[in-house]
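Structure first, commentary second.
The values are calculated or read from the model by the stated rules, or taken from the named source; none is laboratory data. Treat the numbers as computed from the prediction; the structure is a model and nothing was measured. Ideal geometry is used to build each Cβ from the backbone, glycine not excepted, and the neighbour counts take in all protein chains shown. Quick note on the areas: whole protein, heavy atoms, side chains included, nothing else; ligands and nucleic acids left out. Shrake-Rupley method; radii C 1.70, N 1.55, O 1.52, S 1.80 Å.
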Amino acid sequence: VGDKDSRFIELIARPYLGSGVTDNIFNNNGRETITIGRAIWEYWYPNSLSGGSTDHFDLAAYSYFGYIGGSFFVFYLGFILGRINKMKINLYNTNKQNFTSIVFFALIYSKIYQLLLSPVVGVVALIDIFLIFLILIVFSKLFRHEA
């Protein structure tokens, strides 16, 4: 894959900062940032204009963290997915009035499946959810009025 290896942080920052800013920050010097699946495709088919596999969580974990780190990443991702599902179910069964927490964990649980298909898209979606809920919490604290 060589020169076209993508940096995970750079791929996550790109939707927020834009390609020009991330190119300057990460000093790309005209190098195109691509996903793991596309990099593998271009390695085997260098003259192809399009194509490439989806960089599933296991492929990205191996590429970014190696054999052992990738194995731990896959194990940890499965564990976290199970814990989030359990928390979502427990919240729904025990406290149906806490609508915000139920919605938050349901969103996290549904968006984490994007992480399985494309880690970069999944991480960006999870960051978006946390930022939106953080902004909602801050605004609700600021504009709360006592009745």
Take the residues in region 46-81 that are modelled with pLDDT of 80 or more, among the hydrophobic types (A, V, I, L, M, F, W, C) and loosely packed, with under 11 Cβ neighbours inside 10 Å; name whichever of them is farthest from Gly122 (Cα to Cα). Ile68
Cβ-Cβ below 9 Å, separation at least six or inter-chain, first residue in region 7-26 and more than 17 Å from Ile127 (Cα to Cα), second part of a helix (DSSP H, G or I) and hydroxyl-bearing (Ser, Thr, Tyr): which pairs? Arg7/Tyr64; Thr22/Tyr16
Got a sec? Which of Leu131, Leu107 is surrounded by 11 or more Cβ atoms within 10 Å (Cβ to Cβ), without any contact (Cβ under 8 Å) to a residue 12 or more places away in the chain and assigned to a helix (DSSP H, G or I)? Leu131
Filter region 22-31 down to residues that are loosely packed, with under 13 Cβ neighbours inside 10 Å and modelled with pLDDT under 70, then give me how many there are. 2
Going by the conditions given, is Lys141 open to solvent by 60 Å² or more (accessible area, probe 1.4 Å), out of contact with any Lys or Arg (no Cβ under 6 Å at 6 or more places or on another chain) and either at negative phi or acidic (Asp, Glu) (or both)? yes
Selection status of Leu117, in contact (Cβ under 8 Å) with a residue 12 or more places away in the chain and open to solvent by 80 Å² or more (accessible area, probe 1.4 Å): yes
Identify, by number, the condition in (1) open to solvent by less than 100 Å² (accessible area, probe 1.4 Å); (2) more than 19 Å from Tyr16 (Cβ to Cβ); (3) not acidic (Asp, Glu) that Phe99 doesn't meet. (1)
